[in-house]
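In what follows, a single structure is set out as structure tokens and then discussed.
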Amino acid sequence: MAHTCIHWFRKGLRLHDNPALMSALKDCKELYPVFVLDPFLYNDTMGLNRWRFLIGSLRDLDCSLKKLNSRLFVVRGKPGDVFPRLFKKWGVTKLTYEYDTEPYSLSRDQNVTQLAKENGVEVIYKVSHTLFDINRIIEENNGKPPLTYNRMQSIVSSLGPPKKPIPAPTTDDMNDVSCPSSKDEEKNGIPTLDELGHDISSLTEELFPGGEEEALRRLDEHMKKSQWVCNFEKPQTSPNSLMPSTTVLSPYVTFGCLSARTFWWKLTEVYQGKKHSAPPVSLHGQLLWREFFYTASVGIPNFNQMKDNPVCTQVDWDTNPEFLAAWREARTGFPFIDAIMTQLRSEGWIHHLARHAVACFLTRGDLWINWVEGQKVFEDLLLDGDWALNAGNWQWLSASAFFHQFFRVYSPVAFGKKTDKNGDYIKKYLPLLKKFPPQYIYEPWKAPRSVQQAAGCIIGKDYPKPIVEHDDVRKKNIQRMKLAYAKRPPAQSESPSKKQGGKRKAPSVVDTLNKKAKSK
């Protein structure tokens, strides 16, 4: 039977390594590539840089499809409302999409699948957003998500390497496929930011343009630096270098402009026959961290919140809107922290160690604000704001789950000095402070009045005084974390290595989360 098929693009905004798209082309007479601007996912809270990256990715995808005599149809509305209408309008008999593990996505897809069946539409989905089938990893761990990176490595080692990526479709694959693009459908073109109601006057230079073409170009560019790739160790990179000291491929993997499997196998080619770094610090290791948090997010109920999250320490965080706003708006009075938050808002990306610094500062280090609040800010502003990784990393950095050495607190002064003694990073993102001499750039409040006047910036007037006294609140907050840890259930108090080492019986907290997962 020859099908009229919709391929539903969501995160996999690419043609390469897209098995669901190739399934759409099998026995296909008409193809409608569709992207749905779902108001639940794409709303007013999403940052402008993230919107620009998405629209750029859609435009790039549309260009690639046009080279195959096809195009992208962008439809606005709730998927549950959109698809029944499209099924009838186009006479659709098959729907394909890439599998998504997020809770909202699973619920949405279940709903659309039911609607498809009611309309006589066959549904096919494929796993390609992650290296492995996440559910398979959980099955291999006796139905439980691995809670340590070492355990995760052990499981994926037993599964063998990830599947090799498949090529993008060619004009030969499209020979017998009609791709309607009549004038009647022009209203489903790629919208501009203006058309979507966004004020673009605040946008700065686009450092990381969205799209598959740019993703593959950047990947090839980095893979040519074979020695750099082989020597790469993430903790040794700089959080405050003026040019990124990492690949910045994460936004492209998040939106699916770059396949994680393609990234993995390109690295494998570079590593071949050479001495190279290893997980968890290598570039392969970074992809496995992504897999680790995806697996945790699937297997742990309520993963993006503190309440009812069985692996998350329950902490009596303060509710302080003024502190939260000062952190979000780069008004803490700590130049290193404020420079990072300024870079985040203006560029949509910050180094992972910079994320460590501002996340620790907001939570257990200084401001004692719930990590869930920081998670919301990152989700909106980061180009690579990924639901699973964002929630997992915030739990880690707040010492709520996975990482438990809460007494290790990043200094908002000393940490940045390690890799940027002159404060060039601060001068770039906080030009108001650029005339302060290096000995005061991280602590401008300590500068004599004469130095402040010479710099043209009076602390407390032109730039805020520190919002807290770091040494004092650090000591206080360590004691508060000790108290929170003391109140944890016994199973939660065990070290991660004991939880999943050897043939030990799984702790009750893991049993609990699995019971909850089954009951949902």
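The residues listed here are Tyr440, Tyr485, Tyr463, Tyr425; of these, the one that is of a type in the set (Ser, Thr, Tyr) and either in contact with a strand residue (DSSP E or B) (Cβ under 9 Å, 6 or more places away or on another chain) or under 30 Å from Pro310 (Cβ atoms) (or both) is Tyr485.
Give me the pairs: first residue in the range 209-231 and in contact (Cβ under 8 Å) with a residue 60 or more places away in the chain, second residue in a helix (DSSP H, G or I) and polar (S, T, N, Q), beta-carbon distance under 7 Å, and six or more apart or on different chains, which are they? Taking only residues 6 or more apart or on different chains, the pairs are Gly210/Ser57; Gly211/Ser57; Glu212/Ser64. Within the range 24-35, the only residue that satisfies the criterion of being open to solvent by 10 Å² or more (accessible area, probe 1.4 Å) and either part of a helix (DSSP H, G or I) or of a type in the set (Val, Ile, Thr) (or both) is Leu25. Among the helices (runs of 4 or more DSSP H) confined to the range 427-520, the ones with at least 3 residues that are modelled with pLDDT of 95 or more, farther than 20 Å from Pro301 by Cα and open to solvent by 20 Å² or more (accessible area, probe 1.4 Å) are located at 438-441, 449-455, 470-486.
So which residues in the range 66-82 are over 14 Å from Gly189 (Cα atoms) and not polar (S, T, N, Q)?
Listed by number, the residues that qualify are Lys67, Leu68, Gly77, Lys78, Pro79, Gly80, Asp81, Val82.
If the condition is being surrounded by 14 or more Cβ atoms within 10 Å (Cβ to Cβ) and part of a loop (DSSP other than H, G, I, E, B), then the range 144-168 contributes Lys144, Pro145, Pro146, Leu147, Thr148, Pro162, Lys163, Pro165, Ile166, Ala168.
Within the range 317-340, the set of residues being at negative phi, touching a residue at least 60 places away in the same chain (Cβ under 8 Å) and either assigned to a loop (DSSP other than H, G, I, E, B) or open to solvent by 10 Å² or more (accessible area, probe 1.4 Å) (or both) comprises Phe323, Arg331, Thr332, Phe334.
If you go through the range 54-86 and keep only what is part of a helix (DSSP H, G or I) and either among the acidic types (Asp, Glu) or open to solvent by 10 Å² or more (accessible area, probe 1.4 Å) (or both), you end up with Gly56, Arg59, Asp60, Asp62, Cys63, Ser64, Lys66, Gly80, Asp81, Pro84, Arg85. Restricting attention to the range 158-173, the residues that are hydrophobic (A, V, I, L, M, F, W, C) and without any contact (Cβ under 8 Å) to a residue 60 or more places away in the chain add up to 1. Applying the set (1) open to solvent by less than 20 Å² (accessible area, probe 1.4 Å); (2) aliphatic (A, V, I, L, M); (3) within 18 Å of Leu58 (Cβ to Cβ) to Ile200 leaves exactly one unmet item: (1). Quick check on the range 17-36: of everything there that is of a type outside the set (A, V, I, L, M) and touching a Leu at 6+ places or on another chain (Cβ under 7 Å), which residue is farthest from Glu122 (Cα to Cα)? Out of the qualifying residues, it is Phe35. If Leu267 satisfies all but one of (1) surrounded by fewer than 21 Cβ atoms within 10 Å (Cβ to Cβ); (2) in contact (Cβ under 8 Å) with a residue 40 or more places away in the chain; (3) in a helix (DSSP H, G or I), what's the number of the condition it fails? Condition not satisfied by Leu267: (1). Thr96 - would you say it is at pLDDT 95 or above, open to solvent by less than 30 Å² (accessible area, probe 1.4 Å) and either of a type in the set (A, V, I, L, M, F, W, C) or under 18 Å from Val34 (Cα atoms) (or both)? Here the answer is yes, as Thr96 does meet what is asked. Scanning the range 112-121 for residues that are under 9 Å from Phe83 (Cβ atoms) and part of a helix (DSSP H, G or I) yields a count of 3.
Being touching an Asp or Glu at 6+ places or on another chain (Cβ under 8 Å) and under 21 Å from Thr246 (Cα atoms), is that true of even one residue in the range 389-403? Before the answer, list the steps.
Step one: list which residues in the range 389-403 are touching an Asp or Glu at 6+ places or on another chain (Cβ under 8 Å), which gives 390.
Within this subset, residues satisfying the condition of being under 21 Å from Thr246 (Cα atoms) are 390.
Among the residues of the range 389-403, at least one is touching an Asp or Glu at 6+ places or on another chain (Cβ under 8 Å) and under 21 Å from Thr246 (Cα atoms), which makes the answer yes.
Condition check: part of a loop (DSSP other than H, G, I, E, B), crowded, with 17+ Cβ neighbours inside 10 Å and not aromatic (Phe, Trp, Tyr). Does Leu131 satisfy that? Criteria met by Leu131.
Just wondering, is there one or more residues in the range 286-300 that are open to solvent by 10 Å² or more (accessible area, probe 1.4 Å), in a helix (DSSP H, G or I) and of a type in the set (Val, Ile, Thr)? The answer is yes, given that some residue of the range 286-300 is open to solvent by 10 Å² or more (accessible area, probe 1.4 Å), in a helix (DSSP H, G or I) and of a type in the set (Val, Ile, Thr). Among the residues making up the range 348-369, those that are open to solvent by 10 Å² or more (accessible area, probe 1.4 Å) and not basic (Lys, Arg) are Trp349, His352, Leu353, His356. Please go through the range 203-244 and give me each residue that is open to solvent by less than 20 Å² (accessible area, probe 1.4 Å) and over 21 Å from the mean Cα position of the chain (by Cα), ordered by number. Across the range 203-244, the qualifying residues are Val229, Cys230.
The values are calculated or read from the model by the stated rules, or taken from the named source; none is laboratory data. None of the values given here were measured: they were computed from a predicted structure. Glycine also receives a Cβ, built like all others from the backbone with ideal geometry; neighbour counts cover every protein chain displayed. All accessible areas refer to the heavy atoms of the entire protein, side chains included, with ligands and DNA or RNA removed. Shrake-Rupley method; radii C 1.70, N 1.55, O 1.52, S 1.80 Å.
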